[in-house]
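Asker: Quick one: the structure is below, and I'll ask about it shortly.
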Amino acid sequence: MRRTLLLASLAVVASLAWLLWRGGSGTERRLLEPGAPESTDSSSAGELRPGDLRTASDASSARSAALERLGRSSAGNGSAPTSLAAPDALRFRVVDRADGLPVAGAVLTPRGMREDESPLVADAAGDASCDRDRLDRRAVLEVTAESYALALVGIDQRKLDADAVVVVELSRAAALSGRVLGLPRGAAHELILATSDVFLLQGIRDEKAGGESRQWREPIDEAGHFAFDGLPPQIPLYASWVAGRKAGGRLQVEPLQLEPGERRIVEWDLAPSCSVVGRVVDGTGNALADVAVELRLGSRPEFFHEAPDNLSARADTDEEGEYRIAGLKAAEYVVGLPVVYDNEPIPQFASEGHAVSLSGGELRVPDLVAYPAAYVRGRVIGVDGKASRSAFVVARLDDVSAYDESDGQGNFSIGPLVPREYEVAAHPAGSTEIASEPVLVIAPVDDLELRLLEGAVVTGSIVDPLTKSTLDGFAAIHQSGTKAAVLDEGRGGPRFRFGALGPGHYDLIVESTDGRVGIRRGVEVGEGERVDHVEVPVGPAGELRVTLGGRTNVFPRVHVGEVTVPEFSKLGPGAHRFRVPVGSALVELVERDGSISPLRWRTLESRLVQVADGETTVVAFD
């Protein structure tokens, strides 16, 4: 009896040892995108590829030798990873970007997590897992660990193999501290670090064009000291300061870029050294006294209907029409007459602003010609013949725009404006209607009527060309022959619907969850028409990975002929993924040209590439 029990115990111990050995040599699956072939070379099985990463860093995707060794050592017999997760679980592995070693204790928090749920915590091997049902099909997780910078992980469960491991690389966090000299007295100050400087130049905060903009704020004490911890390394950071709700300015022209684990100390001096002088005259050249002049940060003359964040200074003209604004730091400004602000008198004059660049000393700017303030006033009417509330009405003169929002009776008033010819149109607020036809008017106008138009609708499905069955996927639409950005995107699934379309021809672009892509060109849509049951078949496709090399405020666009291909699944800032039909594609690197309404883009670089079936082509703009 004792011998039987002893043999049974030895068998149990042997089984446990075999299971542990199996777990230690398990395969770490790459996160393969649809159509990407698995390597048949045993020497590279289990290696980590750029496609594995979903971090918020813009750093290079090159792997260190240690990280490659980690990937190769985990290749083996196809068993599950070292964690004892259920077979249908989502598996994550968190490693150090520099040396490839596991990061124990890393916390993975799904965005939108309920209060009664707990985040995932990586074990000693850097592994964490959860049931697939816990996360949405497309989910984002925030990954944190002591001494590391925050990472964002975006996953699409439909594109993950059952035994795939999502590998997350964390970079050592950086720190920045120092002092700001010459701050104005009497207000609480904050220092802002941001991944984009668009909000500073244009008075827009948290601009999210083509990527997720992030900000870090810390107070500046009375002695000018500040300190930041937990900053992401190897990402350009723009530094600026604010006083309460009023904008201060940029602290240096070039962005900061910290290295992993770096603790940098800086000192900025805001001692004013610049001034602006000029004169305000009327249309006949006569000087105007007691006229307010404004100076705003930025490089474009825009109209505002409430005090903009970038308002820097004001001054009144003297009897000779002269004004002088001193105590300015070197920066880009716009000088002009005030516009309508809340709870302030309506201005009597309007002028065209002048952009000035201050680098030191005193600068005289051209005369500001003050015209009697003109207004464009009228009413917005909906398709039903009733007043349209909250419509966005824009009056455009070249690259400068003024705007107003219609009230409950549909009334609007845009100004003060310089007496010129303007293009005016009304845009509905979130309805099935579309913008009114643009009209040209010469300000002032008091009785302009703008009628919104009925929007057209296009519906259809993603289909397999052979079986004619519908497929899950994503769809986008944009106007034909324009190389313009995609107008709208579907919500996923086998069927799509696009509404509020104007008359014209449209291209439909779809991507099925198995990685195939289809394009349907030239779908004709009449005014207010409904076009149903449009089928878009999918075919072979490859993948384009576009990297920006740490560049900020620039974005990639991919075109197949005259069709703009959308980015249905994003890899994060600095790295972009596109599924493209087999053949040639044009990849452009673009930036905003500075206009706000409408958005315009300037092409910096372009490359023509060939896309093969199931292969990944990397385009690096370094």
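Asker: What are the residues in the range 365-402 that are farther than 13 Å from Ala425 by Cα, touching a Gly at 6+ places or on another chain (Cβ under 6 Å) and of a type in the set (Lys, Arg), if any?
Answerer: Scanning the range 365-402 gives a single hit, Arg389.
Asker: Run Gln409 past the list (1) open to solvent by 40 Å² or more (accessible area, probe 1.4 Å); (2) out of contact with any strand residue (DSSP E or B) (no Cβ under 7 Å at 6 or more places or on another chain) and report the number of the one that doesn't hold.
Answerer: Here Gln409 meets the rest and fails (2).
Asker: Sticking with this structure for a sec: Could you tell me which residue of the range 97-113 is nearest to Phe568 (Cα to Cα), considering only residues that are loosely packed, with under 14 Cβ neighbours inside 10 Å and within 26 Å of the chain's Cα centre (by Cα)?
Answerer: The residue in question is Arg111.
Asker: Further question on the same structure: Of the conditions (1) surrounded by 15 or more Cβ atoms within 10 Å (Cβ to Cβ); (2) of a type in the set (Gly, Ala, Ser); (3) out of contact with any Gly (no Cβ under 9 Å at 6 or more places or on another chain); (4) at pLDDT 75 or above, Ser118 satisfies every one except a single condition; which number is it?
Answerer: Of everything listed in (1) surrounded by 15 or more Cβ atoms within 10 Å (Cβ to Cβ); (2) of a type in the set (Gly, Ala, Ser); (3) out of contact with any Gly (no Cβ under 9 Å at 6 or more places or on another chain); (4) at pLDDT 75 or above, Ser118 misses just condition (1).
Asker: Looking only at the range 527-565, count how many residues are of a type in the set (S, T, N, Q), open to solvent by 20 Å² or more (accessible area, probe 1.4 Å) and closer than 28 Å to Ile434 by Cα.
Answerer: Keep residues of the range 527-565 that are of a type in the set (S, T, N, Q), which gives 547, 552-553, 564.
Subset that is open to solvent by 20 Å² or more (accessible area, probe 1.4 Å): 547, 552-553.
Checking which are closer than 28 Å to Ile434 by Cα leaves us with none.
Here the count works out to 0.
Asker: Follow-up. Have a look at Glu421, Glu454 and point out the one that is touching an Asp or Glu at 6+ places or on another chain (Cβ under 8 Å) and of a type in the set (D, E, K, R). Step through it out loud before you land on a result.
Answerer: Numbers: Glu421 fails: touching an Asp or Glu at 6+ places or on another chain (Cβ under 8 Å).
Glu454 is the lone residue from the list that is touching an Asp or Glu at 6+ places or on another chain (Cβ under 8 Å) and of a type in the set (D, E, K, R).
Asker: Okay, moving on. Do you know which of the residues in the range 496-507 that are modelled with pLDDT under 90 and open to solvent by 40 Å² or more (accessible area, probe 1.4 Å) is farthest from Phe578 (Cα to Cα)?
Answerer: Pro503
Asker: So, of the residues in the range 256-280 that are closer than 26 Å to Gly353 by Cα and open to solvent by less than 30 Å² (accessible area, probe 1.4 Å), which turns out to be modelled with the lowest pLDDT? Walk me through it before giving the result.
Answerer: Start the filter on the range 256-280 by keeping residues that are closer than 26 Å to Gly353 by Cα, which leaves 270, 272-280.
From what's left, open to solvent by less than 30 Å² (accessible area, probe 1.4 Å): 270, 274-278, 280.
Numbers: Leu270: 73, Cys274: 84, Ser275: 87, Val276: 91, Val277: 94, Gly278: 94, Val280: 95.
Here the answer is Leu270.
Asker: I'm checking my understanding of the structure. Among residues of the range 129-170 that are closer than 18 Å to Glu117 by Cα and small (Gly, Ala, Ser), which one is surrounded by the fewest Cβ atoms within 10 Å (Cβ to Cβ)?
Answerer: Checked the range 129-170; the qualifying residue surrounded by the fewest Cβ atoms within 10 Å (Cβ to Cβ) is Ala139.
Asker: Which count do you get for residues in the range 548-578 that are charged (D, E, K, R) and free of Cβ contacts under 8 Å to residues at least 60 places away in the same chain? Walk me through it before giving the result.
Answerer: The initial filter retains those residues of the range 548-578 that are charged (D, E, K, R), namely 551, 557, 562, 567, 570, 577.
Of the ones still in play, those that are also free of Cβ contacts under 8 Å to residues at least 60 places away in the same chain are 567.
Looking only at that region, the number is 1.
Asker: Here's a follow-up. For the range 421-462, enumerate the residues that are crowded, with 16+ Cβ neighbours inside 10 Å and assigned to a loop (DSSP other than H, G, I, E, B).
Answerer: Pro428, Ala435, Ser436, Ala443, Leu452, Gly455
Asker: OK, next. Checking the condition within 27 Å of the chain's Cα centre (by Cα) and at pLDDT 90 or above, which residue from Asp488, Asp464, Asp472 passes? Even if it seems obvious, please write down each step before you answer.
Answerer: Values: Asp488 fails: at pLDDT 90 or above; Asp464 fails: within 27 Å of the chain's Cα centre (by Cα).
Result of the check over Asp488, Asp464, Asp472: Asp472.
Asker: Please note which strands (runs of 3 or more DSSP E) are completely contained in the range 332-405 and include at least 3 residues that are modelled with pLDDT of 90 or more and open to solvent by 20 Å² or more (accessible area, probe 1.4 Å). First the steps, then the outcome.
Answerer: Numbers: elements: 354-358, 361-364, 374-381, 392-397, 400-405.
Where strands (runs of 3 or more DSSP E) fall fully within the range 332-405 and carry at least 3 residues being modelled with pLDDT of 90 or more and open to solvent by 20 Å² or more (accessible area, probe 1.4 Å), they are 374-381.
The values are calculated or read from the model by the stated rules, or taken from the named source; none is laboratory data. Everything quoted here is computed from the prediction, not taken from an experiment. Note that we place each Cβ from the backbone using ideal geometry, even for glycine, and neighbour counts take in every protein chain shown. For the accessible areas, the whole protein counts, side chains as well, though only heavy atoms, and no ligand, DNA or RNA atoms are used. Shrake-Rupley method; radii C 1.70, N 1.55, O 1.52, S 1.80 Å.
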